[in-house]
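A.B. asks: If you scroll down you'll find the structure; I have some questions about it.
Since every read-out is calculated from the coordinates, none of them should be taken as a lab result. Since this is a predicted model, take the numbers as computed values, not measurements. As a convention, Cβ positions derive from the backbone with ideal geometry for all residues, glycine included, and neighbour counts pool all protein chains shown.
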């Protein structure tokens, strides 16, 4: 030890007489206006996407449950540990809704060390309502706000044909779009089939389309279809929609499947790797629910036969959706993978005509009813019965089947949903081919603000020259009373609708009778609703089954009151492809469990 | 002139009896219909029959009420809608197996006639007990119509729209 070492402790004493450089008591001294202090969270804006948690480099944020999850809101909120927080504000910069901010308060004294981990917005703090502090500038800074565009046919190029309108993403477009996803996963909970969306979007970023396909098939054998016509509920829950366009999840799904050949798909998906179970299952209806159930059951080793009344399989996907939205060959590619699992599809086979329900019951261990909604409803207004008035759903089927369809120069459509747009646009194309011009008028009860059809359907219909009149209530199909056209349709008489629902939200249309119009047309097409053709069940089974307000009563797993019969799809849950896919999985699981239990019991 | 005016008058007792008959017939019509229609839509007719039975009971209680009874002989203007109302007592033939839409359209038409009849009766009676009774009946039918219209929308305008 040297002399300096002996004296050094005493040298510190010289600082006693210096002016301190730190603040003796910082409490009460305001920080700069944009200082990054304690967090604030606007709970009305926060959706619990967890982007803040993911980006935090210090693991200072945990997402914790504070309420029940709902579509588009996980119910989780960030809890911040100030022992770890470095006040970098990346969490604020990445916040998808702008709910997370930082006050300029930076001092806080508490004797409880656990108090320094709290949930901003939930655990009340003195700085909750301070306006000064750090908020990101210039909107979201880490991801883009706008959806990557996609090529599509111009209105004049698609007006007289049924060619697919959208082109699908290029690799470059898909990458830009995939990069906008923050992988929060809110979409997964909202998707009826719970598709693993963040992971398949990540696969696009990696350029691994085989992996993407594998992920798609884990939850959905209809990626060609859903990549085009899915109702994309996932996009309504997407965190990105809060400050811009939601991620184009539907188009990204299609991009994956566009990049994998049919042969490669079969290699990736494979064929059933299990031994035959010895069980037989009949599925009635080759739509999305029936074929999904068939796919799952076949992969579990059961012998599945699907009975389809129409000449081709696909159900409403083929006979209800026009080819410009869903090309038949895309649908066929999805169905080919299902058939490759050993599923036998007997088309042109109507239950009750070609084979009875009793036979199906006797020859199978289980029967799945997935009959869809193939009967069009009629307004039954005066004049609606007779020649010149068509059901949209029937006309769409005939167009798909290539049957002869009358194409008058002027057509009036009743309805404001997607089916109304589908038939209006299909007829417009046929008119353009046959007469060189479009003459379609759509009359809808709803005002444009409450339209049932998708916005893009309405926009594209306008682009294609279709006249859409909102808030018009049909009163009569007007027919010629005399002359050579006596009895033929002359047009549709409507009144203006002043309101559709009463103050309790119940259907109670009110009309302005003084505002009457007759829309000229030689054909009136009704697109107001659909029903299931349950007559195939026959009177005895109809009587034996339990019903819930017009629909077959089912347990949550899809089983009916008859132990051998399950029901799924549009007929029990309303029209929606992805919901039908989810339904197909559900009943397949239930049927498989039942068959498995039966096998176990026999051992 | 005086004879014509008298022809347009009726008594409260007669009106209430016509109303009771209207509901009894409706209840009987719906009850007879139940076994004829598919089980899948039977709930509609069962609910209609129940609603009419409730109405029959209410009318029966009303007729027994001493205050109402004291007005039985009162003269009242015969409503213009009366003929339609009386006609509706004779139920139509909806066929062997009517569908849900046909049943609901019939029920809606019938309830509309009742609304018009009760509203006119209420308008033809001075403020007081009878006015309140007819206003109440009209109001009940309006509520019933709202429920039927909501059901009609659910059934006919659902699925694929």
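A.B. asks: Enter the angle in degrees (range 0 to 90, nearest 10) between the Cα long axis of helix A:577-602 and the first principal axis of the Cα atoms of chain A, meaning the one along which they spread out most.
C.D. replies: 90 degrees
A.B. asks: Given just the C-alpha atoms of the range A:361-437, how large is their convex hull per residue in cubic angstrom?
C.D. replies: Convex hull of Cα atoms, per residue: 149 Å³.
A.B. asks: Once fully extended, how much extra length lies between residue A:404 and residue A:86, figured as 0.36 nm per residue of separation less the alpha-carbon to alpha-carbon distance?
C.D. replies: Stretched fully, the residue A:404-residue A:86 segment lengthens by 107.3 nm.
A.B. asks: Gap in Å between the Cα centre of the range A:404-450 and the Cα centre of the range A:198-276?
C.D. replies: 33 Å
A.B. asks: FRET efficiency for residue B:139 and residue A:153, Cβ-Cβ distance as r, R0 = 41 Å, nearest 0.05?
C.D. replies: 0.15
A.B. asks: Quickly work out the residue A:115-to-residue A:455 label distance, labels modelled 7 Å from Cα along the C-beta direction, and quote it in nm with one decimal.
C.D. replies: 4.7 nm
A.B. asks: For A:499, A:74, what ranking results if the residue with the fewest other Cβ atoms within 10 Å of its Cβ goes first?
C.D. replies: A:499, A:74
A.B. asks: Something else now. Let me have the 222 nm mean residue ellipticity of chain A computed from DSSP H runs of 4+ only, each contributing -39500 (n - 2.57), with the sum over all residues rounded to the nearest 500.
C.D. replies: After summing the helix terms and dividing by the residues of chain A, the value is -9000 deg cm²/dmol.
A.B. asks: Could you give the length gained by full extension between residue A:267 and residue A:59, i.e. 0.36 nm per residue of separation minus their alpha carbon distance, to one decimal place?
C.D. replies: So the extension gain works out to 70.8 nm.
A.B. asks: What do you get for the angle between helix A:249-258 and the principal long axis of chain A? Use alpha-carbon atoms, 0 to 90 degrees, nearest ten.
C.D. replies: Helix A:249-258 sits at roughly 70 degrees to that axis.
A.B. asks: When A:63, A:427, A:316 are ordered from fewest to most other Cβ atoms inside 10 Å of their Cβ, what list results?
C.D. replies: A:63, A:316, A:427
A.B. asks: Given R₀ = 30 Å, FRET efficiency for residue B:72-residue B:28 by Cβ-Cβ distance, to 0.05?
C.D. replies: 0.75
A.B. asks: Any idea what the relative contact order of chain A is, in percent, if you count C-alpha pairs under 8 Å spaced at least 6 apart?
C.D. replies: Rounded, it is 12 percent for chain A.
A.B. asks: Turning to a different aspect of this structure: Over 45 Å apart: what share of the alpha carbon pairs of chain A falls there, rounded to a whole percent?
C.D. replies: 33 percent
A.B. asks: Please give the Cα centre distance for the range A:516-571 versus the range A:283-316, rounded to the nearest Å.
C.D. replies: 19 Å
A.B. asks: In addition: Any idea what the relative contact order of the range A:383-465 is, in percent, if you count C-alpha pairs under 8 Å spaced at least 6 apart?
C.D. replies: 30 percent
A.B. asks: While we're here: Take the alpha carbon atoms of the range B:96-123, find their center, do the same for the range A:97-155, and report the distance between the two centers in whole angstrom.
C.D. replies: 58 Å
A.B. asks: In what sequence do A:590, A:356 fall when counting other Cβ within 10 Å, fewest first?
C.D. replies: Final ranking by Cβ density, sparse to dense: A:356, A:590.
A.B. asks: Something else: Using the alpha-carbon atoms, what tilt in degrees (0 to 90, nearest 10) does helix A:197-206 show relative to the longest principal axis of chain A?
C.D. replies: Once rounded, the angle reads 80 degrees.
A.B. asks: Just to verify a number: FRET efficiency for residue A:504 and residue A:332, C-beta to C-beta distance, R0 = 41 Å, to 0.05?
C.D. replies: 0.30
A.B. asks: Ok, one more. Taking a point 7 angstrom from the Cα of residue A:210 along the C-beta vector, which residues in the range A:259-277 have backbone N less than 18 Å away?
C.D. replies: From the range A:259-277, the list is A:259-271.
A.B. asks: Next question, about the same structure. Along the Cα→Cβ direction, 7 angstrom out, place labels at residue A:8 and residue A:172. What is the inter-label distance in nm?
C.D. replies: The two pseudo-label positions are separated by 6.5 nm.
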